[in-house]
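The values are calculated or read from the model by the stated rules, or taken from the named source; none is laboratory data. Worth saying up front: this structure is predicted, and the values here are computed from it rather than measured. Every residue, glycine as well, gets a Cβ built from its backbone with ideal geometry; the counts of neighbours run over all protein chains shown.
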Amino acid sequence: MATSKEPTTTALVYEPHVGTSRQYWRDIILGVNDGLVSMILLVAVVVGGGLTTSQVLLTAVGGAIAGAISMAAGEFLATKSQAEVLARELKIENDHIRYFREMEVDQLRDMLSEMAIEGEDLEKAVEIFSKDDQRLLASMKVMEFGVVDSEERSPSAAMVVSGLTFLGGSLSSVIPFAIVDQPRTGLAIAAVLTAAALFAVGATKSVVTKTATVKAGLENLIIAGIGGLLAFWVGLLFDKAVG
């Protein structure tokens, strides 16, 4: 007599969100990757161009400082400008609600309808979200502009994160030239350190995004590797052309 087996079930575990750092992951990945990639390309060019170790080191240090400042300033201005544009849009939206309220309510109804809310549920939702001007403005801020207060980025925080991560990423291309005598030896060490760091960054990102770790690491590594080879050959060609 056959016995039926009880279906096996896997206990589900509540997975928490990334948290308050979520909106700065763009800055983290962009900053460290830019530091890693741009600096290995820079030292590859100047080593290929025939510079001495001390000259390469000076170039690398200058590039790291300039890049970090540029990255930090650019991210601060970009994030601040984005916030200012949103503030202006919300001011216009507030005027729309004040003087053209019915049009805004109709727009709210259309957006809720696109979310598959229909019939009596749609009208109840419209009534709830447009009960007063502040609630309507908050609803339009989320649905029309896609902005949630908890997801807004601080220009100062974005500046610090971008600048420091760029500086951190650049170290793999700076340190080798401070401890070796031969430029090409320094470049080889820098390439190995940068490759390892690029793979680690891709793998770390995959832990947060829950994607394939090896694939993410290799993707980061291959893109920079191709660029590094091209940069080195550009330096060699330049050295031959002017030498």
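Report yes if some residue within segment 190-197 is modelled with pLDDT of 75 or more, among the hydrophobic types (A, V, I, L, M, F, W, C), within 17 Å of the chain's Cα centre (by Cα) and over 19 Å from GLY49 (Cβ atoms); otherwise report no. Scanning segment 190-197, I find at least one residue that is modelled with pLDDT of 75 or more, among the hydrophobic types (A, V, I, L, M, F, W, C), within 17 Å of the chain's Cα centre (by Cα) and over 19 Å from GLY49 (Cβ atoms), so the answer is yes.
Considering only segment 55-70, state which residues are buried (at least 17 other Cβ atoms within 10 Å of the Cβ) and closer than 22 Å to ARG153 by Cβ. Once the filter is applied, which keeps residues that are buried (at least 17 other Cβ atoms within 10 Å of the Cβ) and closer than 22 Å to ARG153 by Cβ, segment 55-70 yields GLY67, ALA68. Among the residues of segment 28-49, is any part of a loop (DSSP other than H, G, I, E, B), touching a Gly at 6+ places or on another chain (Cβ under 7 Å) and at pLDDT 85 or above? Checked against the condition, which is being part of a loop (DSSP other than H, G, I, E, B), touching a Gly at 6+ places or on another chain (Cβ under 7 Å) and at pLDDT 85 or above, segment 28-49 yields at least one hit.
Let's see how each residue does on (1) surrounded by 15 or more Cβ atoms within 10 Å (Cβ to Cβ); (2) of a type outside the set (Asp, Glu); (3) within 30 Å of LEU36 (Cα to Cα):
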position	(1), (2), (3)
ALA72	yes, yes, yes
GLU102	no, no, no
ASP106	no, no, no
ASP121	no, no, no
LEU137	yes, yes, no
VAL148	no, yes, no
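Out of the residues in segment 117-144 that are touching a helix residue (DSSP H, G or I) at 6+ places or on another chain (Cβ under 6 Å) and outside any helix (DSSP H, G or I), which is nearest to ASP95 (Cα to Cα)? Of everything passing the filter in segment 117-144, SER130 is nearest to ASP95 (Cα to Cα). Among the residues making up segment 145-176, those that are assigned to a helix (DSSP H, G or I) and either closer than 14 Å to ARG22 by Cβ or among the hydroxyl-bearing types (Ser, Thr, Tyr) (or both) are ASP149, SER150, GLU151, SER156, ALA157, ALA158, VAL161, SER162, THR165, SER170, SER172, SER173.
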